[in-house]
Amino acid sequence: MICIRAGSRLHLGLFDPLGAGPRRFGGAGLMVDAPGLSLSATAAQEWSAEGPLAGRALAFARTFCDNLSKERGLLLRPHRLVIASAGPEHVGLGTGTQLGLAVARVLAVGAGLDHDVAALARLVGRGLRS
């Protein structure tokens with residue numbers, strides 16, 4: 001079993017740092033310990049997820065696996081994802097990004113892959129604006 005715990009990022013907003021367009025995003029935020037995300041993954045016979053945001057976690061796992069297959073020709077075995085805790089969505093805490101990165105990280109570690117945060121974010125379709 002692989003476990004990961006992540007805090008939240010309190011978003012202070014997106015902005016155009018140069019004021020020149022086209023839309024170039026910058027952002028400011030602070031890391032906070034709570035609410036946090038707690039996720040574990042175990043190899044399984046089929047993909048499953050339980051707990052808060054289980055559907056989103058499975059969608060991130062699918063996106064990660066699809067992109068990893070396209071980019072590197074790698075197929076990951078199914079996992080059971082258990083989300084023990086997660087922050088609220090759409091309130092400026094970065095919950096979706098934290099979940100996507102956590103799913104990518106546990107799957108990468110489970111497969112023996114070493115990806116940096118930017119690569120993991122790209123593989124789950126996060127970090128496109130901020």
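Candidates are the residues of the range 9-46 that are of a type in the set (A, V, I, L, M) and at pLDDT 90 or above; the one that is nearest to G127 (Cα to Cα) is L37. Residues in the range 73-95 that are under 21 Å from W47 (Cα atoms) and surrounded by fewer than 17 Cβ atoms within 10 Å (Cβ to Cβ): G73, L74, L75, R77, P78, R80, A84, S85.
When the range 76-99 is filtered for residues that are without any contact (Cβ under 8 Å) to a residue 60 or more places away in the chain, in contact with a Leu (Cβ under 8 Å, 6 or more places away or on another chain) and small (G, A, S), the ones remaining, listed by number, are A84, S85, A86.
Within the range 47-69, does at least one residue satisfy the condition of being over 20 Å from L120 (Cβ atoms), surrounded by fewer than 16 Cβ atoms within 10 Å (Cβ to Cβ), out of contact with any strand residue (DSSP E or B) (no Cβ under 8 Å at 6 or more places or on another chain) and in contact (Cβ under 8 Å) with a residue 12 or more places away in the chain? No - not one qualifying residue is present in the range 47-69.
The values are calculated or read from the model by the stated rules, or taken from the named source; none is laboratory data. Please read these numbers as outputs of a predicted model, since none were measured by experiment. Quick reminder, even Gly has a Cβ in these numbers, built from the backbone with ideal geometry, and neighbours come from all protein chains shown.
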